[in-house]
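What follows is one structure encoded as structure tokens, with my remarks underneath.
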Amino acid sequence: TDLVTMFVFLCILFAAGISYRWILGGVAVVIPCGVLFVYLLQYHMVPFLHEYQVKRILAFVNPSQYAEANLQQKNSIMAIGSGMLHGKGLNNNTLASVKNGNFLSEEQTDFIFAVVGEELGFIGAALVVALFLLLLLRGMSIAVRARDKFGALLVVGFVVQVTLQAILNMAVVTNTIPNTGISLPFFSSGGTSLLMLLGEMGIVLSVSRGET
């Protein structure tokens with residue numbers, strides 16, 4: 001969540017006209033800090049993280065030593081791969097059950113994209129990715145034509161947040177980054193999340209109605 005907030009903040013600053021040098025300077029500071037953070041994790045010298053959180057990050061860096069902390073993502077990859085091109089069909093997510101020794105726990109939350117890949121296959125998963133990209137492109141189009149700068153920055157913040165959440169969630173499900181607990185917007189279960197997302201999209205539509 002901190003990563004999402006920071007990236008959205010940087011995108012809003014960039015859209016507001018801040019010099020890219022400040023952003024590059026910030027990135028130049030963050031990258032060495034990230035490397036130092038991972039180094040300290042290996043020696044359990046980060047007191048503000050719980051043990052399971054440390055194992056999730058270390059499992060990404062050293063999967064053979066912390067295999068049990070990476071089991072959910074391994075099963076997720078198996079589920080996505082089993083869908084192949086066309087998928088198994090709706091409600092046929094057999095790898096999200098105890099069948100064949102595989103178990104994708106709580107798949108309706110952070111790992112719903114694995115169910116999409118298994119039930120709808122590569123075509124369905126690619127369609128979901130395309131929809132989020134279209135949302136980003138349409139949002140940027142609305143921001144460019146917005147009547148005032150405040151409305152433009154609101155739209156930039158909202159669509160970047162939704163798109164970045166989707167990217168991070170899919171990256172977790174495909175074991176590209178450590179498990180972060182970020183949900184997939186509009187897909188993962190959770191009434192509060194859906195209510196907030198719909199409110200954000202309502203504001204984006206409101207700005208769209210006032211385009212010049």
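The values are calculated or read from the model by the stated rules, or taken from the named source; none is laboratory data. Everything numeric here is computed off the predicted structure, so don't read it as measured data. Note: ideal-geometry Cβ built from the backbone for every residue, glycine included; neighbour counts use all protein chains shown. Accessible surface is based on the protein model in full, side chains and every heavy atom, while ligands, DNA and RNA are left aside. Shrake-Rupley method; radii C 1.70, N 1.55, O 1.52, S 1.80 Å.
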Residue in the range 174-190 that is within 30 Å of F150 (Cα to Cα) and assigned to a helix (DSSP H, G or I) present: no
Of all residues in the range 142-159 being basic (K, R) and outside any helix (DSSP H, G or I), the one that is surrounded by the fewest Cβ atoms within 10 Å (Cβ to Cβ): R147
Flag for L154 being touching a residue at least 40 places away in the same chain (Cβ under 8 Å), touching a helix residue (DSSP H, G or I) at 6+ places or on another chain (Cβ under 9 Å) and aliphatic (A, V, I, L, M): yes
Test for I18: is it touching a Leu at 6+ places or on another chain (Cβ under 7 Å), open to solvent by less than 70 Å² (accessible area, probe 1.4 Å) and either modelled with pLDDT under 75 or not polar (S, T, N, Q) (or both): no
Residue ID - nearest to L184 (Cα to Cα), chosen from residues in the range 70-113 that are at pLDDT below 65 and buried (at least 21 other Cβ atoms within 10 Å of the Cβ): A96
First in the range 173-187 and more than 18 Å from M201 (Cβ to Cβ), second anywhere and surrounded by fewer than 18 Cβ atoms within 10 Å (Cβ to Cβ) and of a type outside the set (K, R), Cβ under 6 Å, 6 or more apart: N175/I77; I177/A171
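Listed here are the residues, each with its yes/no results for (1) touching a strand residue (DSSP E or B) at 6+ places or on another chain (Cβ under 6 Å); (2) closer than 16 Å to A15 by Cα; (3) open to solvent by less than 60 Å² (accessible area, probe 1.4 Å); (4) basic (K, R).
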| position | (1), (2), (3), (4) |
| --- | --- |
| V115 | no, no, yes, no |
| V128 | no, no, yes, no |
| M140 | no, yes, no, no |
| I177 | no, no, yes, no |
| S189 | no, no, no, no |
| R209 | no, no, no, yes |
